[in-house]
Amino acid sequence: MPQRFVPAVFLGGGTSKGLFFQAKDLPADPEHRDRVLLAALGSPDPFGRQLDGMGGGLSSAVGAFAVDQGLCPRTDGPAMVRIHNTNTGGLIHARFAVRGGCAETRGELAIPGVAGTGAPIRLDFLDPGGARTGRLLPTGRPVDEVALDRCTARPGR
């Protein structure tokens with residue numbers, strides 16, 4: 001198979017970072033597409049560190065990427081981009097500032113453990129409960145009591 005270059009953007013968003021692609025640049029075949037995406041991230045990695053690739057598959061920057069790439073153009077000022085989370089089927093609203101047609105990166109937001117400051121990105125998860133279980137609380141109750149047999153609950157038994 002010949003080597004193929006795929007355009008991508010590496011973008012930070014708060015404490016996370018992400019590698020973003022446009023669908024039009026990826027293979028149409030789902031299996032081939034998934035191999036390209038996994039290779040770009042350095043996965044699978046039996047050590048869980050994703051050192052051979054960009055790593056870090058989580059990011060709040062997807063809305064900023066969409067604006068910066070012209071996929072969701074926004075006027076300057078406060079912006080909201082609606083995101084469909086394909087893992088859970090849920091919807092997320094990303095809210096951030098736009099200046100000069102691009103997501104603002106400079107700002108006074110400081111996050112403990114992250115050097116420097118930047119512009120805030122607010123994520124509103126719409127109806128977040130039960131994406132996998134069908135309900136907010138897995139058992140449907142806010143409190144569950146578990147009875148243990150004292151003989152089998154002791155360490156060493």
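Results, tabulated for the structure shown:
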{"quantity": "Test for ASP68: is it touching a Cys at 6+ places or on another chain (Cβ under 9 Å) and not hydroxyl-bearing (Ser, Thr, Tyr)", "calculated": "yes"}
{"quantity": "Only one of VAL67, VAL81, VAL62 that is touching a helix residue (DSSP H, G or I) at 6+ places or on another chain (Cβ under 6 Å), surrounded by 12 or more Cβ atoms within 10 Å (Cβ to Cβ), under 21 Å from VAL9 (Cα atoms) and β-branched (Val, Ile, Thr)", "calculated": "VAL81"}
{"quantity": "Condition met for VAL9 (in contact with a strand residue (DSSP E or B) (Cβ under 7 Å, 6 or more places away or on another chain), at pLDDT 85 or above and surrounded by 12 or more Cβ atoms within 10 Å (Cβ to Cβ))", "calculated": "yes"}
{"quantity": "Residue identified as surrounded by 14 or more Cβ atoms within 10 Å (Cβ to Cβ) and either over 19 Å from SER60 (Cβ atoms) or touching a Leu at 6+ places or on another chain (Cβ under 7 Å) (or both) among GLY100, GLY118", "calculated": "GLY118"}
{"quantity": "All positions within segment 137-157 that are surrounded by 10 or more Cβ atoms within 10 Å (Cβ to Cβ) and either modelled with pLDDT of 80 or more or within 18 Å of SER59 (Cβ to Cβ) (or both)", "calculated": "LEU137, GLY140"}
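Quick grid of which residues meet (1) farther than 21 Å from PHE21 by Cα; (2) among the hydrophobic types (A, V, I, L, M, F, W, C):
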position: CYS72; (1), (2): no, yes
position: PRO78; (1), (2): yes, no
position: HIS93; (1), (2): no, no
position: ARG106; (1), (2): yes, no
position: PHE125; (1), (2): yes, yes
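The values are calculated or read from the model by the stated rules, or taken from the named source; none is laboratory data. In this text, all values refer to a predicted model and were calculated from it rather than measured experimentally. Every residue, glycine as well, gets a Cβ built from its backbone with ideal geometry; the counts of neighbours run over all protein chains shown.
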